[in-house]
1. Evaluate the following for T141: is it in a helix (DSSP H, G or I) and β-branched (V, I, T)?
2. List pairs: first residue in the range 175-191 and closer than 17 Å to R28 by Cα and without any contact (Cβ under 8 Å) to a residue 24 or more places away in the chain, second residue surrounded by 16 or more Cβ atoms within 10 Å (Cβ to Cβ) and of a type in the set (V, I, T) anywhere in the structure, Cβ distance under 9 angstrom, at least six positions apart or on different chains.
3. Scan the range 67-94 for residues that are among the hydrophobic types (A, V, I, L, M, F, W, C) and in contact with a strand residue (DSSP E or B) (Cβ under 7 Å, 6 or more places away or on another chain) and report the count.
4. Report, by residue number, each residue of the range 97-110 that is in contact with a Leu (Cβ under 6 Å, 6 or more places away or on another chain) and either assigned to a loop (DSSP other than H, G, I, E, B) or modelled with pLDDT under 95 (or both).
5. So, in the range 136-163, how many residues would count as being touching a Gly at 6+ places or on another chain (Cβ under 9 Å), of a type outside the set (D, E, K, R) and closer than 13 Å to L197 by Cα?
6. So in the range 53-79, with the set limited to residues that are in contact (Cβ under 8 Å) with a residue 60 or more places away in the chain and over 21 Å from N30 (Cβ atoms), which one is surrounded by the most Cβ atoms within 10 Å (Cβ to Cβ)?
7. For the range 155-169, give me the residue count where each residue is modelled with pLDDT under 95 and among the β-branched types (V, I, T).
Amino acid sequence: MITLIGNLKGGTGKSTITFNLALWVATRHNKHVMVYDLDPQGTTADAFEIRQEEEFLPAIVPLTSVSDLGAADSKSEILVDMGLADMAAVEVAISKADRIVIPVAPSQADIWSTQRFLKMIGDVRKGSAVELLGVINRADTHHAVRETSEAAEAMQMLPGIRLLEQRLYMRTTYRRSFSEGLAVFEMEPRSKAALELDALGRALYPV
């Protein structure tokens, strides 16, 4: 299955989610994983390179060309980190995806970006069905802050996309683990971030 992690707005956490999910699928779901990093910034590829340097297993070497996307063994789980610089590559990835996971931070700008991205997906797919899943990322940890619930309400009003109940919250664990080449569940197995990532992984890759 090809899962595209994408949105048109930067800073939504596409690379962090791609990196952590890839390692979750490989270690917790016991599936062969392929990763495509289509972002010229190469953030996901950098994290996996650190992982290789530290000799952490499993070692995953991301691919950077969209031309081979979908040509691999159909038994592999494929995750694609969408970049924004090469829109031709974005359109190819959208056209080949089996599902698209759209990270959304709790802000009005992210909602507007998601609306534009949904329109773009419709234009590229030309009626070809694809599963669209929204996930609130960088959610507020304080219950008194309303932005997260307001973003969730706005997402639920968008047509054609299903908002997942599972959320990832604003936690330093995500930043620290990413820079060390480790998934959050590897670096801090009992952390809240690890529990959140595990819940998201189980929702996207049920047994």
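1. Considered against the rule, which asks whether it is in a helix (DSSP H, G or I) and β-branched (V, I, T), T141 comes out as no.
2. Going by the 9 Å Cβ cut-off, the qualifying pairs are M187/T173; E188/T173; S191/T173; S191/V184.
3. So the count comes out to 8.
4. A97 - this is the single residue of the range 97-110 that is in contact with a Leu (Cβ under 6 Å, 6 or more places away or on another chain) and either assigned to a loop (DSSP other than H, G, I, E, B) or modelled with pLDDT under 95 (or both).
5. 1
6. L69
7. 0
Table: residues versus (1) surrounded by fewer than 13 Cβ atoms within 10 Å (Cβ to Cβ); (2) over 30 Å from A88 (Cβ atoms).
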position: I121; (1), (2): no, no
position: G127; (1), (2): yes, no
position: H142; (1), (2): yes, yes
position: T148; (1), (2): no, yes
position: M155; (1), (2): no, no
position: R176; (1), (2): no, yes
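The values are calculated or read from the model by the stated rules, or taken from the named source; none is laboratory data. Since this is a predicted model, take the numbers as computed values, not measurements. Cβ coordinates were reconstructed from backbone atoms using ideal geometry, including for glycine residues, and neighbour counts include every protein chain displayed.
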